[in-house]
Amino acid sequence: GRERLVIAVDGPAASGKGTLARRLAAHYGLPYLDTGLLYRMVARAVLDAGHDIQDADAAAAIVASFDEAAFPEDSLRGREIGEAASVVAAMPAVRSGLIARQRRFAGQAGGAVLDGRDIGTVICPEARAKLFVTATPEVRAARRHRELAGRGEPATFEGILADIRRRDARDSGRSDAPLKLAEDAVLLDTSALTIEEAAAAAIGIVDARRANPGHENAIIS
Ligand code: CDP
Ligand code: CDP
């Protein structure tokens, strides 16, 4: 059979990790899972059921039983759902309740591409290639600002920058599976890169790992 290739793509909000993960999946012919959507679904379900977003018991009950097919993607991409997702994502019962479905996805025969915050550190520590995608908060805020305007959800640049900084602090500061660089991940700073340039760099990183699955760190920018 063909080589099994698991690619972990982690990074902060609006760094471009989803765009890169999709490109990698298409390039290598692998299935792709946006794990952020799982946390967004839990947050959506907690709010739709009328619970407070801080209600960890409600979130834990939902995670045990929720149906991924019940959530149209458009209902998950809004600004306040990203914020709410980062609140439920700090709850250990929510994180542990989502591990099995992520690992099952990663366990498919040929491999898979997953993106999120803890793929290289917790979900797929054995991944062949790990990318940590980043960009400055200002570049990320500008990207998200453009994206939300396209959704017809206008917001100020300053408001989005504040959201991004708060989400970075919460995602990096939580005790369970915080956002951090895995020791064998390659850092890809996309601040000054177009999507095409970033995709070419990401493919170069993965090809290098396939050719030589060592553990050296590298910084690409
Ligand atoms: O697209 P964006 O980067 O804004 O967010 P996302 O990837 O959809 O993730 C939404 C929130 O879910 C993040 O702020 C994290 O708190 C959480 N998340 C996580 O904790 N672990 C993951 N593997 C993926 C997302
Ligand atoms: O998944 P994540 O939240 O990290 O980011 P994304 O959804 O892949 O990218 C956020 C936005 O930035 C999208 O509208 C991308 O088209 C854009 N982007 C960009 O302008 N330049 C890049 N190098 C990567 C993404």
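The values are calculated or read from the model by the stated rules, or taken from the named source; none is laboratory data. Values in this document were obtained by computation on a predicted structure and should not be read as measured data. For neighbour counting, all protein chains shown are included, and Cβ atoms are generated from backbone atoms with ideal geometry for every residue, glycine included. In case anyone asks, the SASA skips ligands and DNA or RNA and just uses the protein heavy atoms, side chains included. Shrake-Rupley method; radii C 1.70, N 1.55, O 1.52, S 1.80 Å.
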Hits in segment 114-142: amide N under 20 Å from the 7 Å Cα→Cβ extension of Ala192, namely 132-142
Taking alpha-carbon centroids only, segment 109-187 lies from segment 77-98 a number of Å equal to 13 Å
Rounded to the nearest 10 Å², the accessible area of Thr194 using a 1.4 Å probe with every protein chain kept is 70 Å²
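What is the magnitude of the charge dipole of segment 5-104 about its Cα centre, with +1 placed on the Cβ of each Lys and Arg, -1 on the Cβ of each Asp and Glu, and no other charges, expressed in debye to the nearest 20?
Using Cβ point charges on Lys, Arg, Asp and Glu, segment 5-104 gives about 560 debye.
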Share of Cα-Cα pairs in segment 36-78 beyond 13 Å, whole percent, is 47 percent
Each label sits 7 Å from Cα toward the beta-carbon; between Ala200 and Glu153 the label points are separated, in nm, by 3.3 nm
With all protein chains in place and a 1.4 Å probe, Ile203 shows an accessible area in Å² (nearest 10) of 40 Å²
Expressed as a percent, the accessible surface of the chain that is carbon or sulfur, using a 1.4 Å probe and the full set of protein chains, is 55 percent
Mean accessible area per residue over segment 1-44 (1.4 angstrom probe, all protein chains present, square angstrom) is 33 Å²
Result for segment 68-142: accessible area per residue, probe 1.4 angstrom, in square angstrom, of 37 Å²
The answer for trypsin sites (Lys or Arg not before Pro) in segment 132-221 that fall in a DSSP coil and have at most 12 neighbouring Cβ atoms within 10 Å is Arg151
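About the Cα centre of segment 50-175, what is the dipole size in debye to 20, counting +1 per Lys and Arg Cβ and -1 per Asp and Glu Cβ, all else neutral? It would help to have the intermediate numbers written out before the result.
Details: 19 positive and 19 negative charges, 111 e Å.
The dipole of segment 50-175 has a size of about 540 debye.
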Mean shadow area (nm²) of the C-alpha convex hull around segment 111-188 is 6.1 nm²
Computed for the chain: size of charge dipole around the Cα centre, +1 on C-beta of each Lys and Arg, -1 on C-beta of each Asp and Glu, debye to nearest 20, value 400 debye
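Let me know the volume per residue of the alpha-carbon convex hull for the chain, in Å³.
On the way: hull volume 26.3 nm³, N = 221.
Per residue, the Cα convex hull of the chain comes to 119 Å³.
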